[in-house]
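Heads up, the thing below is written out as structure tokens.
The values are calculated or read from the model by the stated rules, or taken from the named source; none is laboratory data. Keep in mind that this is a model prediction, so the values were computed, not measured. Using ideal geometry, Cβ is built from the backbone for each residue, glycine included, and neighbour counts are taken over all protein chains shown. SASA here: full protein model, heavy atoms, side chains in, ligands and nucleic acids out. Shrake-Rupley method; radii C 1.70, N 1.55, O 1.52, S 1.80 Å.
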Amino acid sequence: MRKMLLIVLSVLLVGTFVAGASLAGDKLADIKAKGVLVAGIKDSLPPFGFIDQKTRTIVGYDIDFVNAIAAKLGVKVELKPVTSATRMPQLQEGNIDIIAATMTKNPERAKVIDFSHTYFFTGQKFLTKKGAVKSLKDLAGKKIGTAKGSTSEKNAAKAIPTATILSFDDYPQAVLALTQGKVAAVTTDESILAGLLSKLPKGEYEIPDIRISDEPYGLGIRKGNENLLNFVNKTILEMEKTGEAKRIFDRWFGPNSDTPLYRTFTITADK
Ligand code: GLU
């Protein structure tokens, strides 16, 4: 009887806690209560988020960060593919709890959603036929492919006003247009272009050394969820301290990876 009473009391207590958490809009408590962190990720952008052919699961740099945060929370992960254009609406509509999708943080976006400290840093470049582009001038008046809803389309329009920017749903489609000769270049972050280049026939394409912007990536969280944002920030700072963040970088961008890049950042608290 006493045992029964205890069980009833604990069920009531947990119930009150969960209801209280949702009423207060405490997303962190909600995620713990439902036992799952739903993350908006890219599923065709190696090495950030892509399908591993052997395991048929989505893996990558962004996925490793989501997994680490979920492990710290003690919950499972559900991955929901998003595109550059759909990631913010998906978050705003409550379909995902966090964006981990190659997303640059900038003042314009920060008016709509909150961002974690920078967990990856890159810059925008171009992917072209080998030898075709030496400077921005070579792209004047040309067609350039990129993705809808990206910073890349805005930066490119500003850097090369005479170019025609063709925005696709995702970057692999833009690369297809490049291989078909429909665009002279694909433009986005160097880290993404490196992954796209690794899938193209060796020696035919390149990423010329022309950089038109800085792109610091942040994990996106709905405004008004300070507990979740603080938890995410604390976790990624800890990951930097323990070396886990560097290990994740080396796994996907180390010298033996398909996309070797130099790590130009450490994760630090935003000022
Ligand atoms: N990092 C840039 C952005 O957030 C380009 C990559 C992307 O489209 O996700 O827009």
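Points to keep in mind about this one:
- Breaking point among (1) more than 16 Å from the ligand (Cβ to nearest atom); (2) open to solvent by less than 10 Å² (accessible area, probe 1.4 Å), for Asp138: (2)
- Hits in region 66-90 (condition: more than 13 Å from the chain's Cα centre (by Cα) and either under 26 Å from Thr188 (Cα atoms) or within 13 Å of the ligand (Cβ to nearest atom) (or both)): Asn67, Pro89, Gln90
- Qualifying residue in region 201-218 (condition: more than 20 Å from the chain's Cα centre (by Cα), surrounded by 20 or more Cβ atoms within 10 Å (Cβ to Cβ) and either under 16 Å from Ser84 (Cβ atoms) or at pLDDT 95 or above (or both)): yes
- Residue check for Lys34: out of contact with any His (no Cβ under 7 Å at 6 or more places or on another chain), within 16 Å of the ligand (Cβ to nearest atom) and of a type in the set (D, E, K, R): no
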